[in-house]
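*Asks:* Quick one: the structure is below, questions incoming.
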Amino acid sequence: MIAVETLTDLTIIFIMKPLIALSILSLSLTFSFAAEKPKTIRLFDGKTFNGWEGDTNKTWRIDDGALVGGSLKEKVPHNEFICTTRSFTNFVLRVKFKLVGTEGFVNGGVQVRSKHIPNPAFELSGYQADIGDGWWGALYDESRRNKVLVKADAAVIEKVLKRNDWNDYEIRCEGKRIRLSINGQQTVDYTEPDDKIEQFGIIGLQIHGGGPAQASYKEITIEELP
């Protein structure tokens, strides 16, 4: 006959083993999910306009692995954008950009959470990570509220910006919060106060109208976030 104490011990062991196994499995799954990172997607292949749309007959071309808009030989008549064919909501967008120009208004920008508008048809409406003297690193509301939402610190820009050369823009959109960084230095941390403003849309690259100018963009990647 088995003693009561022995039965109790066996019962405890019988119950505890499955619980321990379940705990180990739960921890393994937790670490597995925590280790997963958002997948980086290349939006531009450096060779074709696949996934993009815009005036590719005159304004936009592909040169040495970059999307290039505008001209240094003649004035850009009005704003032009080349845009993704799909929309995005929460993400981290990274793009290298270079802006050069000889006279007039030399400017470009990266549109996020934007949309096409009917009048004028060449415009986009939405947030813009701005590019150009007096505008570097600022968050502008293009063809909507038509104002700077956050202006970057000029002293910070002067320390990190490489004029007439390649620079890195990082644009992080999470919920109603938008953060901009140039060459690793944060320039904007903005939270949208207006619940009516849409927090999704296409991505667009701009060459601003007004002067002989050329905006180039390359190594464009995105990490979509939950």
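Rule-based calculations on the coordinates, nothing more; no lab input. This structure is a prediction, so every number in the text was calculated from the model and none was measured. Note that we place each Cβ from the backbone using ideal geometry, even for glycine, and neighbour counts take in every protein chain shown.
*Asks:* To the nearest 20 debye, what is the magnitude of the charge dipole of the stretch 128-194 about its Cα centre, counting +1 on the Cβ of each Lys and Arg and -1 on the Cβ of each Asp and Glu?
*Replies:* 100
*Asks:* Near LYS115, which lysines are there with a Cα under 16 Å away, not counting those fewer than 8 places off in the same chain?
*Replies:* Filter leaves LYS196.
*Asks:* While we're looking at this one, here's another question. Tell me, TRP52, TRP166 in order of fewest to most beta-carbon neighbours within 10 Å?
*Replies:* So the residues, fewest neighbours to most, are TRP166, TRP52.
*Asks:* Here is a follow-up. Which shape class applies to the stretch 40-224: rounded if a/c is under 1.5, otherwise prolate when a/b exceeds b/c and oblate if not, where a ≥ b ≥ c are the square roots of the Cα gyration tensor eigenvalues? Could the numbers behind the result be given before it?
*Replies:* Values: a/c = 1.30, a/b = 1.15, b/c = 1.12.
Rounded, since a/c falls under 1.5.
*Asks:* Could you state the number of Å between the C-alpha centres of the stretch 92-121 and the stretch 185-222?
*Replies:* 6
*Asks:* Here's another thing I want to ask about it. Starting from the Kirkwood radius over alpha-carbon pairs of the stretch 133-187, derive D by Stokes-Einstein at 20 °C in a medium of 1.002 mPa s and give it in µm² s⁻¹.
*Replies:* After rounding, the answer is 179 µm²/s.
*Asks:* In addition: For LYS39, list the lysines whose Cα falls under 24 Å from its own Cα; do not include residues on the same chain fewer than 8 positions away.
*Replies:* LYS47, LYS96, LYS176, LYS218
*Asks:* Among ILE207, ILE62, rank each residue by its count of other Cβ atoms within 10 Å, from fewest to most, as a rough exposure measure.
*Replies:* Numbers: ILE207 32, ILE62 17.
Exposure proxy ranking, most exposed first: ILE62, ILE207.
*Asks:* Let me check I have the definition right: for the stretch 151-226, take the eigenvalues of the Cα gyration tensor, multiply each by 5, take square roots. What are those semi-axes in whole Å, largest first?
*Replies:* Numbers: eigenvalues 112, 57, 40 Å².
Value: 24, 17, 14 Å, ordered largest first.
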